[in-house]
Amino acid sequence: MLAVTGSLSLHAQIWQQSSQWHDPFDMYAGPTLGVVASDLTVYDGKTMFGPYVGGFIQTYFNNHFGMSLEFAYTRQGVRDAWQTFSPEHEGGPYEYRLDYINTIYKLRYYPVKRFDTFLGLMTGVHINAKCTLDNIDTDIKKEIHKRSAHIVGGVGYELDNLMFEAYYGFPLQKLAKTSRGYKAMRGAREHVVMLTVGYRFKLY
């Protein structure tokens, strides 16, 4: 009887361990590289592709839930953009280049092992903002909001130490801050799609 009980207990422990995808509150960190595809609403332009360079810290609450915090440099904007809403600035093609340092918060749900979906918030501070027309650059940092905010949502896949993600950022505010900026950009907002790959190291 004792042998049977011990055997059942051992099998239960093995099953429990094998079904444990993540150890609660293990901490991981690592670098992330990727590409950002972006455009500005109200313009008839082409998608701009820019770099995504950053790093992250990640932890798990249990098998199904976790969270991460990321910091990343991105370039966003639009190229070959034409606008006709303002007689003073109509024409083109314009190119807008906006460089940001972003902080990204993600809450993750793992329905099955390795795959996750997430929802979060991306806030950014621009370090450079230029508009180009006829090969002439104009600094527009003073014309747009210093900070940006996007709701982000997407999917991820974990392959050992590699992490692959694809997600979309929905803008919460317009770019233009001043009356001059509004005349040139109207209610333009930034939409972004990000594809990234990260490599993680276990901290503890």
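The values are calculated or read from the model by the stated rules, or taken from the named source; none is laboratory data. Just so you know, these numbers come straight off a predicted model, no measurement behind them. With ideal geometry, Cβ positions are generated from the backbone for all residues, glycine too; neighbour counts draw on all protein chains shown. Accessible surface is based on the protein model in full, side chains and every heavy atom, while ligands, DNA and RNA are left aside. Shrake-Rupley method; radii C 1.70, N 1.55, O 1.52, S 1.80 Å.
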**OP:** Identify all residues within the stretch 155-204 that are within 30 Å of HIS22 (Cα to Cα), open to solvent by less than 60 Å² (accessible area, probe 1.4 Å) and not in a strand (DSSP E or B); write none if there are none.
**Re:** ARG200
Original post:
Quick one: VAL155 ticks every box in (1) out of contact with any Pro (no Cβ under 8 Å at 6 or more places or on another chain); (2) among the aliphatic types (A, V, I, L, M); (3) under 18 Å from LYS174 (Cα atoms) bar one, so which box is it?
Top reply: (3)
Original post:
Which of the following residues is within 16 Å of ALA188 (Cα to Cα), open to solvent by less than 80 Å² (accessible area, probe 1.4 Å), out of contact with any helix residue (DSSP H, G or I) (no Cβ under 6 Å at 6 or more places or on another chain) and of a type outside the set (Lys, Arg): GLY124, GLY66, GLY120, GLY92?
Top reply: GLY92
Original post:
When both residues are 6+ apart or on different chains and their Cβ atoms are under 8 Å apart, which pairs have a first residue that lies in the stretch 19-36 and is without any contact (Cβ under 8 Å) to a residue 60 or more places away in the chain, and a second that is open to solvent by 40 Å² or more (accessible area, probe 1.4 Å)?
Top reply: PRO24/PHE61; PRO24/ASN62; PHE25/PHE61
Subject >> Number of positions in the stretch 127-154 that are touching an Asp or Glu at 6+ places or on another chain (Cβ under 6 Å) and open to solvent by 70 Å² or more (accessible area, probe 1.4 Å) >> reply: 1
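Of all residues in the stretch 126-146, count the ones that are outside any strand (DSSP E or B) and polar (S, T, N, Q). Before the answer, list the steps.
If we filter the stretch 126-146 for residues that are outside any strand (DSSP E or B), which is where we start, we get 134-135, 140-143, 145-146.
Imposing the further condition that a residue be polar (S, T, N, Q) reduces the set to 135.
Residues meeting the conditions: 1.
Which residue out of ARG75, ARG97 is closer than 16 Å to LEU40 by Cβ, within 13 Å of the chain's Cα centre (by Cα) and open to solvent by 30 Å² or more (accessible area, probe 1.4 Å)? Don't jump to the end; show me each part of the working.
Details: ARG97 fails: within 13 Å of the chain's Cα centre (by Cα).
Going through ARG75, ARG97 in turn, just one is closer than 16 Å to LEU40 by Cβ, within 13 Å of the chain's Cα centre (by Cα) and open to solvent by 30 Å² or more (accessible area, probe 1.4 Å): ARG75.
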Subject >> Unique match (being under 30 Å from LEU172 (Cα atoms) and either of a type in the set (Val, Ile, Thr) or modelled with pLDDT under 90 (or both)) among VAL35, VAL4 >> reply: VAL35
